[in-house]
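S.K.: Structure below; questions to follow.
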Amino acid sequence: MSNPPLVPPLKCQGIKTKLVGEIGRVAQTPGFKRWVEPFCGSCVVALNVQPKNALLSDSNVHIIKLYQEIQSGELTATLAKSFLEEEGNKLRTEGEPYYYAVRERFNACPTSLDFLFLNRSCFNGVMRFNRSGKFNVPYGHKPQRFAQAYVTKITNQIRRISEVISSCDWTFVASDFRQTLASVKSGDLIYADPPYAGRHVDYFNSWSETDEIELSSLLKRLPCDFILSTWHSNEFRKNDLIEQNWNEARFHVLLREHFYHVGSSEDLRHPMIEALITSFSVQASRPDAEKMEQLAFFEMPLAAI
Ligand SMILES: C[S@@+](CC[C@H](N)C(=O)[O-])C[C@H]1O[C@@H](n2cnc3c(N)ncnc32)[C@H](O)[C@@H]1O
């Protein structure tokens, strides 16, 4: 694990940058031969846990393509630097119309470099696609977005993660979680971080209660251990699905407060109690409630939640 955490070049909703240390620590308990992430998103968790072998999968083909290209050397830090400098200059002089021209170009013929450009210059750094699979996030209104320091930051992120990827045996696959979970075997450890039910309605991120129930029933039947990330509660509501799906003594619930910074709605920006459901017991003690956000996940019996 690197400290501070290694940050990937892509931003997405629900990115677990602040939780990677804890997830990595929890993952040490069962040990594993292969790390499997059916909802890898930005890949920040794998990039920090740095398992030797991994299957990293997501239904978002654009994310997977970008990582495959970094892995194959097709997309390098040098290439990204000259692309972002050139496109950044056009954004600086032409402003908003240029952002929308790139968005149109990407939606007609998607490339990883345009995806990176849009992801880093769109409104709030969110990743959203409409029902036809077209990227639809509006302009972030920062014509100076790709200033030299920012381009250097992004290209350093690409350089660093390509070093990690090339030192490991990782496979990136665009697929639905059902297919990914069908391929797991004993000795794997699954880290599942699905979208939060009912929160997103976009093409890659829609997630219904039926998906959630199907995921829990697949996880319960796995031939290996798993860690499931979900939300427990915020100041407005509580996730009743935890009790509904995980109320068995063989599962463990760990809780921790987490504040999301990426998100367009007020709901997504409030502090949230995160939960990890594990198929194994983890040594953890309950912290002082006031200091909870600085502390590790702690185990909570379901009856007490
Ligand atoms: C909460 S995000 C994962 C965030 C990731 N752990 C990170 O830290 O960046 C959920 C991910 O699930 C993916 N997803 C949504 N529905 C899916 C499905 N049916 N099968 C596989 N992936 C799916 C989305 O594309 C999104 O990247």
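Since every read-out is calculated from the coordinates, none of them should be taken as a lab result. Note that the coordinates shown come from a computational prediction; the quantities given were computed from them, not determined experimentally. Glycine gets a Cβ as well: all are built from the backbone with ideal geometry, and neighbour counts include every protein chain shown.
S.K.: Being of a type in the set (Phe, Trp, Tyr) and touching a Gly at 6+ places or on another chain (Cβ under 7 Å) narrows it down to one of 123, 129, so name that one.
M.R.: Numbers: 129 fails: touching a Gly at 6+ places or on another chain (Cβ under 7 Å).
One residue alone meets the criteria, 123.
S.K.: Here is a follow-up. How about the range 8-81: which helices (runs of 4 or more DSSP H) wholly inside it have at least 2 residues that are in contact with a strand residue (DSSP E or B) (Cβ under 6 Å, 6 or more places away or on another chain), within 14 Å of the ligand (Cβ to nearest atom) and closer than 28 Å to residue 108 by Cβ? Give the derivation first.
M.R.: Values: elements: 20-28, 44-49, 61-72.
Ranges flagged: 61-72.
S.K.: Report, ordered by the first and then the second residue, all pairs with beta carbons closer than 7 Å, sequence separation of six or more or different chains, a first member in the range 39-67 that is within 13 Å of residue 204 (Cβ to Cβ) and in contact (Cβ under 8 Å) with a residue 12 or more places away in the chain, and a second member that is in a helix (DSSP H, G or I) and within 12 Å of the ligand (Cβ to nearest atom).
M.R.: Close Cβ pairs (under 7 Å, with a partner that is in a helix (DSSP H, G or I) and within 12 Å of the ligand (Cβ to nearest atom)) amount to 39/177; 40/46; 41/63; 57/180; 58/64.
S.K.: Restricting the search to the range 146-168, which residues are away from the ligand (no atom under 16 Å from the Cβ) and under 14 Å from residue 56 (Cα atoms)?
M.R.: Result: 168, single match.
S.K.: Name the single residue, out of those in the range 169-185 being surrounded by fewer than 13 Cβ atoms within 10 Å (Cβ to Cβ) and more than 14 Å from the ligand (Cβ to nearest atom), that is nearest to the chain's Cα centre (by Cα).
M.R.: Among those residues, the one meeting the criterion is 169.
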